[in-house]
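Right, one structure below, let's go through it.
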Amino acid sequence: MAESVVTIDRLGAQGDGVADTSAGPLFVPFALPGERVNVARSKDRGEIVALLESSPQRIEPACRHFGDCGGCAIQHLEDAAYRDWKRGKVVEALRARGIDAPVADLVPCAPGSRRRVTYSARRTQAGILLGYHAAMSDRIVDIAEDPITVPAIVERLDDLRRLAGALATGSEPFRLAVTATQSGLDIQATGLPKLTQPVRLAAADLAARAGFARLSLEGDILVEPRKPRVTFGSVTVEPPPGAFLQATAQAEAAMAGLVLGHLGRVKRVADLFSGCGTFALRLAAAAEVHAAESDAAALAALDRGFRSAGGALRRVTTEKRDLFRRPLAAAELDRFDGVVFDPPRAGAEDQSKQIAKSAVPLVAAVSCNPGTLARDLAILTAGGYRLTQVVPIDQFLWSPHVEAVALLEKPRKRR
């Protein structure tokens, strides 16, 4: 690779420094705006050989693995500039769709708060690797610390490594999704070849002796000494293996507060892409809720949580429905006073088109992808909705990802 000296002009969407050169943008990981760097260049990527002039915004990273591990992209930027960059990702996504909306300050994320992580693992001749992939690589960086994650997980890294060793029958990489719940760690292994019964039993025994709440393999429970439990508002839910939960409890509370503040006085709410009930079970304290979701196990957990409340909630109904293939139609939506939707990263384009045609007066849109959120909001505003607030939430600390909640309203048509 050829070496050259460049000046970094800006931060890119993925956290790389970007130098605008005569040959086009050059992306330099771990470089900051204003820095002069000597880089080894290959096409549009550059690797820092020497940092010639450092930015005053550069700080010491929080983790010893930063720069090798690909789990974090931007630990080296001071906090105020980092918050501006994260908020700016939402602002720019909206602007690209022609949306000029009020965007609030970023809701921050504290270190040591992430309760749901996915580690990669692999057996090597030197032992078990457990950690995150290096950036743009299939190489696993074996971690000794993890400053983004709750202590309840980090303190068990050695036990998780031993569990990975019990599961790894060959050298193929696999994943351990780990969630810290109120009753202990909930662990799901995926990507493994078919395991023999002795291996399954040995892994189950190790998990039980380690005090984990549950170990499952591709959704199949191997051992469950205690039901994993999480609380949404006042309701305790037992999520199924591999269930989606918001990555941090603090971000979930911030999102729920915004959604309830917007929809808290309505009588009937549709919760689309409801999962296990993050919003539905909170909203049901004051409103009737219809929850739609394609994951039957998640819906069953939501329903059990509702029934366990012993009549303390308003009526909650559930519907197993693929909202990508069969979104709720405008005529179905018109019986609701409010809608909240929280889709995967792909967004909710077809569902947004139906909401736009509806007469629902209040909508709360939750998203982990500013690009697809902006697309969906453009559909809604074209359909007569007014965007009243957008709040970016830093649920994924030191990564390029940012959550956002958008609140919209449409005047009721007079009959």
Quiz item: Mind checking which residues of the range 22-48 are basic (Lys, Arg) and either under 27 Å from Val90 (Cα atoms) or in a strand (DSSP E or B) (or both)?
Solution: Arg36, Arg41, Arg45
Self-check item: Check on Ala254, in a loop (DSSP other than H, G, I, E, B), small (Gly, Ala, Ser), under 18 Å from the mean Cα position of the chain (by Cα) and farther than 17 Å from Asp337 by Cβ
Solution: no
Exercise. Scan the range 89-110 residue by residue and report those that are under 21 Å from Ile148 (Cβ atoms) and of a type in the set (Gly, Ala, Ser).
Key: Ala110
Quiz item: So which of Ser171, Ser216 is in a loop (DSSP other than H, G, I, E, B) and in contact with a strand residue (DSSP E or B) (Cβ under 7 Å, 6 or more places away or on another chain)?
Solution: Ser171
Quiz item: Only one of (1) outside any loop (DSSP other than H, G, I, E, B); (2) buried (at least 21 other Cβ atoms within 10 Å of the Cβ); (3) of a type outside the set (D, E, K, R) is not met by Pro239, so which one is it?
Solution: (1)
Quiz item: Does the range 33-47 include one or more residues that are within 17 Å of Pro400 (Cα to Cα) and modelled with pLDDT of 95 or more?
Solution: yes
Quiz item: Considering only residues of the range 54-70 that are modelled with pLDDT of 95 or more and not in a loop (DSSP other than H, G, I, E, B), which is farthest from Thr118 (Cα to Cα)?
Solution: Arg58
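Residue-wise test of (1) in a strand (DSSP E or B); (2) β-branched (Val, Ile, Thr); (3) without any contact (Cβ under 8 Å) to a residue 40 or more places away in the chain; (4) not assigned by TED's automatic domain parsing to the domain that holds Thr388.
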residue	(1), (2), (3), (4)
Asp20	yes, no, yes, yes
Ala50	yes, no, yes, yes
Cys72	no, no, no, yes
Gln75	no, no, no, yes
Lys89	no, no, no, no
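For the range 378-388, check the following and say yes or no: at least one residue is among the hydroxyl-bearing types (Ser, Thr, Tyr), within 21 Å of Gln246 (Cα to Cα) and free of Cβ contacts under 8 Å to residues at least 40 places away in the same chain.
Taking every residue of the range 378-388 in turn, none turns out to be among the hydroxyl-bearing types (Ser, Thr, Tyr), within 21 Å of Gln246 (Cα to Cα) and free of Cβ contacts under 8 Å to residues at least 40 places away in the same chain.
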Self-check item: Number of positions in the range 315-335 that are β-branched (Val, Ile, Thr) and within 24 Å of the chain's Cα centre (by Cα)
Solution: 1
Quiz item: For Phe244, are the conditions met, namely being among the aromatic types (Phe, Trp, Tyr), in contact (Cβ under 8 Å) with a residue 60 or more places away in the chain and either surrounded by fewer than 20 Cβ atoms within 10 Å (Cβ to Cβ) or not assigned by TED's automatic domain parsing to the domain that holds Leu281 (or both)?
Solution: no
Quiz item: What residue, among those in the range 121-142 that are farther than 15 Å from Gly165 by Cα and in a loop (DSSP other than H, G, I, E, B), is modelled with the lowest pLDDT?
Solution: Met136
Quiz item: If a residue has to be in a strand (DSSP E or B) and buried (at least 17 other Cβ atoms within 10 Å of the Cβ) to count, how many in the range 1-18 make the cut?
Solution: 4
Self-check item: Unique match (being in contact (Cβ under 8 Å) with a residue 12 or more places away in the chain, touching a Gly at 6+ places or on another chain (Cβ under 7 Å) and buried (at least 17 other Cβ atoms within 10 Å of the Cβ)) among Leu323, Leu373, Leu333
Solution: Leu373
Quiz item: What are the residues in the range 1-45 that are touching a Gly at 6+ places or on another chain (Cβ under 6 Å) and small (Gly, Ala, Ser), if any?
Solution: Ala31
Quiz item: Only one of Ala166, Ala152 is of a type in the set (A, V, I, L, M, F, W, C) and under 22 Å from the mean Cα position of the chain (by Cα); which?
Solution: Ala152
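Is it fair to say Leu206 is more than 17 Å from Leu176 (Cβ to Cβ) and in the same structural domain as Leu163 (by TED's automatic domain parsing)? Spell out the reasoning first.
On the way: more than 17 Å from Leu176 (Cβ to Cβ): no; in the same structural domain as Leu163 (by TED's automatic domain parsing): yes.
The answer is no for Leu206.
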Exercise. May I ask you to say which residue of Ala144, Ala121, Ala110 is surrounded by fewer than 19 Cβ atoms within 10 Å (Cβ to Cβ), over 30 Å from Thr372 (Cβ atoms) and aliphatic (A, V, I, L, M)?
Key: Ala144
Exercise. Mind counting the residues in the range 279-306 that are more than 24 Å from the chain's Cα centre (by Cα) and either at pLDDT below 95 or assigned to a helix (DSSP H, G or I) (or both)?
Key: 2
Quiz item: Within the range 377-398, is even one residue under 21 Å from the mean Cα position of the chain (by Cα), hydroxyl-bearing (Ser, Thr, Tyr) and buried (at least 21 other Cβ atoms within 10 Å of the Cβ)?
Solution: no
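The values are calculated or read from the model by the stated rules, or taken from the named source; none is laboratory data. Computed from a prediction, not measured in an experiment: that's the story for all the values here. FYI the Cβ positions are ideal-geometry reconstructions off the backbone, even for glycines, and counts take in every protein chain you see.
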